[in-house]
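K.L.:
Below you will find the structure I want to go over with you.
Each value in this text was obtained by applying a stated rule to the coordinates, not by laboratory testing. Only a predicted model underlies this, so the values are computations on that prediction, with no experimental measurement involved. Neighbour counts run over all protein chains shown; Cβ positions are idealised from the backbone, glycine included.
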Amino acid sequence: MVRRAIYPGSFDPPTLGHLDIIERAARQFDELIVGIGVNSDKPPFLDTQDRLSALRECTAGMAGVTVESFEGLLVEHARARGCQVIVRGLRAVSDFEYEFRVAMANRRLAPEIETLFLITRDEYSFLASSVVRDVARHGGNYQAFVPEAVGKLIAKKRL
Ligand code: ADP
């Protein structure tokens, strides 16, 4: 059986913290799908195509990693793609409450799919997409927080 997992998120924008989780998760599975969840309620910071192409560029050298976007319920998408595991990252205690609720709900919806948490690396424990967005909007230097491909995309944006 192929061990296949999905790492879902907004990745708006992708950060070095996300990339670290992708690298480490990819080592645990035959195939890892990085799934960009498309939420049409709010306008994104980077549009879906940009996030897709940047994440594809960053993961091009990683065996078994593919990047795609999806709409709708995560567990339905995970099922349709034959994933046994959902990977999420955990930073501080503050992540836990939200992640716990989502994982519980997902288990009710799809008991056959396991949620697996990877703990952040300490140097990325403060890093969130919202931090990058705020720094970029206020003209600060966000380059150390994001992969190069993402930095280039943000630089091209009119903020
Ligand atoms: P979402 O909107 O689904 O929470 P995010 O793109 O913000 O999507 O995050 C996707 C996943 O990556 C979440 O599980 C989040 O906790 C995790 N994550 C984000 N930043 C980091 C980081 N610096 N270290 C570890 N995990 C992280």
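K.L.:
By its C-alpha gyration tensor, with a ≥ b ≥ c as the square roots of the eigenvalues, how is segment 1-45 shaped: rounded for a/c under 1.5, else prolate for a/b larger than b/c, else oblate?
P.N.:
It is oblate, given that a/c is not under 1.5 and a/b is not larger than b/c.
K.L.:
Please give, to one decimal in nm, the separation of the simple spin-label points placed at residue 144 and residue 27, each 7 Å out from Cα toward the Cβ.
P.N.:
2.5 nm
K.L.:
Now for a different question. Report, in deg cm²/dmol and to the nearest 500, the calculated mean residue ellipticity at 222 nm for the chain, where each DSSP H run with n ≥ 4 adds -39500 (n - 2.57) and the sum is divided by the residue count.
P.N.:
-12000 deg cm²/dmol
K.L.:
Okay, next question. Do any GluC sites (Glu not before Pro) in segment 30-133 lie in a DSSP loop with no more than 15 other beta carbon atoms within 10 Å, and if so, which?
P.N.:
The qualifying sites are 112.
K.L.:
While we're here: Within segment 55-72, list the residues whose amide N lies under 14 Å from a label point set 7 Å along Cα→Cβ of residue 156.
P.N.:
Taking a point 7 Å out along Cα→Cβ of residue 156, the residues of segment 55-72 whose backbone N falls under 14 Å are 55-58.
K.L.:
Looking only at the chain, where both bridge partners belong to it, what percent of the DSSP beta bridges are antiparallel (to the nearest 5)?
P.N.:
0 percent
K.L.:
Further question on the same structure: Less than 22 Å apart at the alpha-carbon level, and either on another chain or at least 8 residues along: which lysines does that give for residue 42?
P.N.:
Within the straight-line limit of under 22 Å, residue 42 reaches these lysines: 156, 157.
K.L.:
Here is a follow-up. GNM on the chain, C-alpha springs below 10 Å: top fluctuator among 102, 87, 67?
P.N.:
102
K.L.:
With a Förster radius of 35 Å, plug the Cβ-Cβ distance of residue 42 and residue 112 into 1/(1 + (r/R0)^6) and report the FRET value to the nearest 0.05.
P.N.:
After rounding to 0.05, the efficiency reads 0.65.
K.L.:
Further, regarding this structure: Go ahead and run the numbers for FRET between residue 57 and residue 104, Cβ-Cβ distance against an R0 of 30 Å, rounding to 0.05.
P.N.:
My answer for the efficiency is 0.30.
K.L.:
In the Gaussian network model of the chain, springs joining C-alpha atoms below 10 Å, which of 21, 119, 36 carries the largest mean-square fluctuation?
P.N.:
Checking each option, the largest mean-square fluctuation is seen for 119.
K.L.:
Right, something else. Using a ≥ b ≥ c from the Cα gyration tensor of segment 31-119 (square roots of the eigenvalues), is it rounded, prolate or oblate, where a/c under 1.5 gives rounded and otherwise the larger of a/b and b/c decides, a/b for prolate?
P.N.:
Rounded.
K.L.:
So which DSSP H runs in the chain come out at 18 Å plus along the axis (Cα) with average Kyte-Doolittle of at least -1.0?
P.N.:
93-109
K.L.:
Which residue fluctuates most in the GNM of the chain (Cα springs below 10 Å): 143, 49, 84?
P.N.:
49
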